[in-house]
Amino acid sequence: MKYTNKVPILQVKSTITNSNNFSYIIVFSVAVILRLIPEILAQPYPIGYDVINYYLPILKNFDDYWLEISNQFPLYVSLLYAISEVFRVEPRIIISSSIVFVFGLFSLVIFSISRNLLHLNNLQSIFLAMFVIFQISVLRTSWDLHKDMLAITLTFFCLSCVSRIPNLSKKMIAVIVPLSIISVLADRMVGFLLSLSFIVSTFVKRDRLLAYMVIFIILVYGISLVANFDTISSNLKLVGSKDKINEIYNPVNLIVLFLVMNAILLPSGLVGLIKSKLIIFKIPLLISLIGSFTWIVFPNTSVFLPDRWIVIFSIFLSLFSGYGFITLIENRHIAISNKKFNNYLIILIPFIFLGTAFAASPNNSYINVYGAFHQFMGPYGPLTMQYNSISLPESRSLLSVIDWINNNTNTPEGSVIMGSKHLRGWMELELKGSTFLFADNNTRLLESNKYRELYLLELNSRPATEIPENYLQTLSHNNTDFSLYHLKRIE
């Protein structure tokens, strides 16, 4: 009888271990469900800072935005717009569906690297793919950096293919080139990472065909940089500035971010780095590590975005860390159980818990251990994926205030509403008949006396605007999270 009960379990393990196609389905399905859950839980509100402040407004007003976004690597958002127009699908659905699909593709790429480059069996490859997709760095990137997620997915795929040169067919090279171009055109930072990785790989492999391919990709990337020259040059001019561009980029915050993202991965990551022969993935790992500490050399500027490099470094490190755990388990250095399957499961469960808590827990949940570091990490990303530019409860309250404003009996048509820049997406999408005004410093804007009469919208939990003495302030409306003040300048 005991033998009979064990048969189904043994059959499942055998299927997972021996069926390559079934393993791909498992990995893709888990990734899609993992990324879909936070979208479903957040309904009817979107998640992701850039989703509410960038993707949704642009897709709904694409023609108005084109001049602004045309010099900002607009490939991904243009692709979303084209899909939305061709299939006549609501932009919100296109945005959410696309990132869920890309997240699933990323999991398949990791599984493919495990099978074809690391030569792991199906069970080990599933473990590595699951280990990587449940990392906070990967989930955080998929939260709102959608074009980054696409670029990183293609970067991992293209690097894995290039690592097989010279044993790569010309047909496969014909696939790699356009995918690499899409990657470098999707995101400037990831494009730089892929381009530099290709250049270094060319010197390592000394393959003529690879050199030609890399030269072509670099030329395309270079042309895209020329098209964005004004934005890039203005940023570079700030490098030598003595004034701090953004106070959140201080050493304490960045060190805490680096440790929270990577400390738990570093021990096994070093093992994986030493034991693996993934030289082509060690290159972007080193580049992103250097980028993570640019604040040491350039302490007064955020131009190099060290927080973004820290997240990218963590994504690459997770690949080596997962392989390090596999190496330790296979060599019995980790033997919590006498069965390897159980050892893999025991290692994986804590990361599944951390990733799931980050993806699905409410903003003020105590089960999300990263909340303890939110004071330091908050400026760089969300405490949980259940968040857009404000928390979901605050989103509900904001929509209530906007409905109140849109009623012309409450505020005159053509009124000026001033508020935080974090609300700009919501206001563009929902505010009717009024103008929303925001600035880096709303207090200074008020002190300019440019406006005789306007409304000030403030979060009750963190009011940020000081009202000058020459303004008469009256509370017009409030709810749980927001207060709307009517301001009149005293003549």
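The values are calculated or read from the model by the stated rules, or taken from the named source; none is laboratory data. Predicted model, so just to flag it, every value in this text is computed and none were measured. Quick reminder, even Gly has a Cβ in these numbers, built from the backbone with ideal geometry, and neighbours come from all protein chains shown. The protein model used for the area step is the full one, side chains on, heavy atoms only, and it has no ligands, DNA or RNA in it. Shrake-Rupley method; radii C 1.70, N 1.55, O 1.52, S 1.80 Å.
Numbers at a glance
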read-out: Accessible area expressed per residue, the chain, with surrounding protein chains retained (probe 1.4 Å, Å²); value: 48 Å²
read-out: In nm, spacing of pseudo-spin labels at F298 and D440 (7 Å Cα→C-beta vector); value: 1.6 nm
read-out: Computed over the chain, the ratio Rg/Rh where both radii use C-alpha atoms and Rh is Kirkwood; value: 1.01
read-out: Between helix 392-406 and the chain: long-axis angle, C-alpha atoms, 0 to 90°, nearest 10; value: 30 degrees
read-out: Two-site label geometry, Q473 and L196: point separation in nm, points 7 Å out along Cα→Cβ; value: 4.6 nm
read-out: Cβ crowding within 10 Å averaged over residues, with 78-90, 187-199, 416-428, 349-361 ranked highest first; value: 187-199, 416-428, 349-361, 78-90
read-out: Percent breakdown of C-alpha pair distances by 5 Å bin, ordered from the shortest bin, for segment 396-491; value: 3, 14, 27, 28, 20, 8, 1, 0
read-out: Segment 246-290: C-alpha pair distances exceeding 18 Å, %; value: 41 percent
read-out: Cross-link pairs K147/K450; K205/K340; K170/K275; K147/K339; K171/K277; K282/K339 - those with Cα-Cα distance over 29 Å; value: K147/K450; K205/K340; K170/K275; K147/K339; K282/K339
read-out: Distance between segment 275-336 and segment 339-376 - C-alpha centres, whole angstrom; value: 20 Å
read-out: Calculated [θ] (222 nm, deg cm²/dmol) that DSSP helices of n ≥ 4 give over the chain, each run adding -39,500 (n - 2.57); value: -20500 deg cm²/dmol
read-out: Translational D in µm²/s for segment 16-59 (Stokes-Einstein at 10 °C, 1.306 mPa s, Kirkwood Rh from C-alpha pairs); value: 126 µm²/s
read-out: The chain - percent of accessible surface contributed by carbon and sulfur, probe 1.4 Å; value: 62 percent
read-out: At R0 = 60 Å, FRET efficiency that the Cβ-Cβ distance of F353 and I490 yields, to 0.05; value: 0.60
read-out: Those residues of segment 380-404 whose amide nitrogen sits under 15 Å from the label point placed on H422, 7 Å along Cα→Cβ; value: 380-399
read-out: Segment I274-R208, extension gain: residue separation times 0.36 nm, minus the distance between their alpha carbons; value: 20.9 nm
read-out: Degrees between helix 208-227 axis and first principal axis of the chain (Cα, 0 to 90, nearest 10); value: 0 degrees
read-out: Stokes-Einstein D (µm²/s) once Rh is taken as the Kirkwood radius of segment 31-118 over alpha-carbon pairs, at 25 °C in 0.890 mPa s; value: 170 µm²/s
read-out: Prolate/oblate/rounded call for segment 371-422, Cα gyration tensor, a/c under 1.5 rounded; value: prolate
read-out: Residue-span extension gain [R332 to L67] - 0.36 nm each, minus C-alpha spacing; value: 89.5 nm
read-out: Cα gyration tensor shape of segment 288-338, rounded if a/c is under 1.5, else prolate or oblate by comparing a/b with b/c; value: prolate
read-out: Over segment 159-223, equivalent-ellipsoid semi-axes from the Cα gyration tensor in Å; value: 18, 13, 10
read-out: Range of Cα positions in segment 93-134 per principal axis (Å), largest first; value: 37, 17, 12
